1. Please state which one of B:262, B:246 is surrounded by fewer than 21 Cβ atoms within 10 Å (Cβ to Cβ) and either within 14 Å of chain A (Cβ to nearest Cβ) or within 28 Å of the chain's Cα centre (by Cα) (or both).
2. For the range B:236-258, state whether one or more residues are basic (Lys, Arg) and part of a helix (DSSP H, G or I).
3. Output the residues belonging to the range A:112-153 that are over 20 Å from residue A:184 (Cα atoms) and basic (Lys, Arg).
4. Scanning for something modelled with pLDDT under 80, under 31 Å from the mean Cα position of the chain (by Cα) and more than 14 Å from every other protein chain (Cβ to nearest Cβ), does the range A:33-56 turn up at least one residue?
5. Can you work out which of the residues in the range B:270-285 that are more than 14 Å from every other protein chain (Cβ to nearest Cβ) and in contact with a Pro (Cβ under 8 Å, 6 or more places away or on another chain) is modelled with the lowest pLDDT?
6. Name the residues in the range B:87-109 that are of a type in the set (S, T, N, Q) and loosely packed, with under 13 Cβ neighbours inside 10 Å, would you?
7. Can you pull out the residues in the range B:57-98 that are part of a helix (DSSP H, G or I) and either closer than 21 Å to residue A:63 by Cβ or over 35 Å from the mean Cα position of the chain (by Cα) (or both)?
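The values are calculated or read from the model by the stated rules, or taken from the named source; none is laboratory data. None of the values given here were measured: they were computed from a predicted structure. Cβ placement follows ideal geometry from the backbone for every residue including glycine, while neighbour counts extend to all protein chains displayed.
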Amino acid sequence: MSAENPAAPTVTESAAPRSAAPMWIIVVTLLLLFLGGYYFDQHSGWFNAKVYAPYANAEKLNSFQPQSGETQRIARGKFVYDSVCGICHGADGLGKPGQAPPLAASEMVICKGVSRLAHIPLAGLNGPIKVCGKDWSLSMAAMGAALPDEDVAAVLTYIRTSWGNQAGPVTADDVKKVRADMGRNAPALTGVQLLNLPE
Amino acid sequence: MRTGICIFMAAFIALGASWCGFVLAPMLQLGGAKQTVILQSADNWPQQRTGEATLGLQVYRAYGCAACHTEQVRQTGAAFEVTLTSLGTQKAADFKDFIKSLMVVPDLATSSNSIVGSLDKWNGELPKTLYSGDDGDVASALADHLKPVGVKTETRIIATGPDIARGWGSRQSVAADYLYDAPVQLGSLRAGPDLANIGVRAPDANWQWQHLYAPKSTTPNSTMPSFKFLFEVRAVGAAPSPDALKLAGAFAPAAGFEVVPKPEAKELAAYLLSLKANVPLYEAPFTPVTLAK
């Protein structure tokens, strides 16, 4: 309007002053951003494909995983035994003539210490040996060498507590220690070497 | 011209942002999904369907089953449950006192009110849930403290929510459940029940056929339409078909006739029986009842 009538400069609209946004809007915006970030952090699971509500994050989800107790270790041991050892030693642990000596009531299995026993699956065993009063002369490959410590421990625990055997459990640390003592690619043991090892 | 470029850029950014959100991000998150291992087992989940069931998915799709049925179980919470299963040689009253004396233990202090409170009106019947809550440390501490006194407890992880209370599953549905579904038949409306574990709830193919042929024969109040055209009513030949529907009363065909499913009905039922989301996974843990025994 003022441009059409230069004679009346008094009615010229003054430009709105460029004032800063009110402080409270800035504070509220920052607060909302902060709360949004906090909510995202608490509830998003950080885009983890495995985390679904109501589990807020991977940590919470992990706390709901079944505990790995002794029973679970033995169940795992049975699984490993059936797939690796049971083919020769038999699902009943009684061994098979001409194939593998028994594990049930075997003095090698139910002995007090676990180091000597752990050497057998980790290194393998060759040649004559006496088990349960019978002479055996066979060859066992290092069946446990490729298995993780936990699985070797689980399977040894399984054979020490099954078929009437009542010996203590084997821990993954025991297996780890034996593996470290043995070194890599250790040759298969003979029966005499095995018996010379400390229990 | 400048305006044209601005409009193009604005449209490009708007479409690009939604493409990133709806296509790219889910692809990055779940595009590489593979079979997962069932918790505490060496088996994989899910298993590829049989050929018949794979065809059944297309039948399910063709007849619009997903318009009235969902295949997604929701879960609103998860809890640890410590259940007393045997008192051994203990007496119920002594056990109550023992539990009260336990509550000074620091691990249990936070939940002592609910544990003691749950025993107030208890007069010895078993099994008795001692603790139900989302704190795994409290649950394991309680179980550890009760082990040496000769009582037997069982700690279970349970999924909770209205869908689970209805018996539609033991846990929520997760992406892994749909690995072999193409297209995924999630559904969005529940005129009928959820079908995520119908293969567990109704594992009998003949029941599924009867339900498709005459829904009211198996579920009296069903509002489902009948899919009679998937079946053939024919005269009984030299011997009755092993697939003949076991219909009774008003639903049974005339004497000398039998109702047999056409291939499509068999495929659809095979697909329904393949819906068995009942195994615990890392992303949806729970303790199956069979394992806890």
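1. Working: B:262 fails: either within 14 Å of chain A (Cβ to nearest Cβ) or within 28 Å of the chain's Cα centre (by Cα) (or both).
Every option except B:246 fails the conditions.
2. At the first step, the residues of the range B:236-258 found to be basic (Lys, Arg) are B:246.
Retained after the next criterion (residues that are part of a helix (DSSP H, G or I)): none.
No, the range B:236-258 contains no residue that is basic (Lys, Arg) and part of a helix (DSSP H, G or I).
3. Hits for the range A:112-153 are A:112, A:130, A:134.
4. no
5. Among those residues, the one meeting the criterion is B:278.
6. B:89, B:101
7. Those that are part of a helix (DSSP H, G or I) and either closer than 21 Å to residue A:63 by Cβ or over 35 Å from the mean Cα position of the chain (by Cα) (or both): B:92, B:93, B:94, B:95, B:96, B:97, B:98.
Residue-wise test of (1) farther than 30 Å from residue A:53 by Cα; (2) more than 14 Å from chain A (Cβ to nearest Cβ).
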residue: B:1; (1), (2): yes, yes
residue: B:14; (1), (2): no, yes
residue: B:29; (1), (2): no, no
residue: B:36; (1), (2): no, no
residue: B:40; (1), (2): no, no
residue: B:89; (1), (2): yes, yes
residue: B:92; (1), (2): yes, yes
residue: B:97; (1), (2): yes, yes
residue: B:118; (1), (2): no, yes
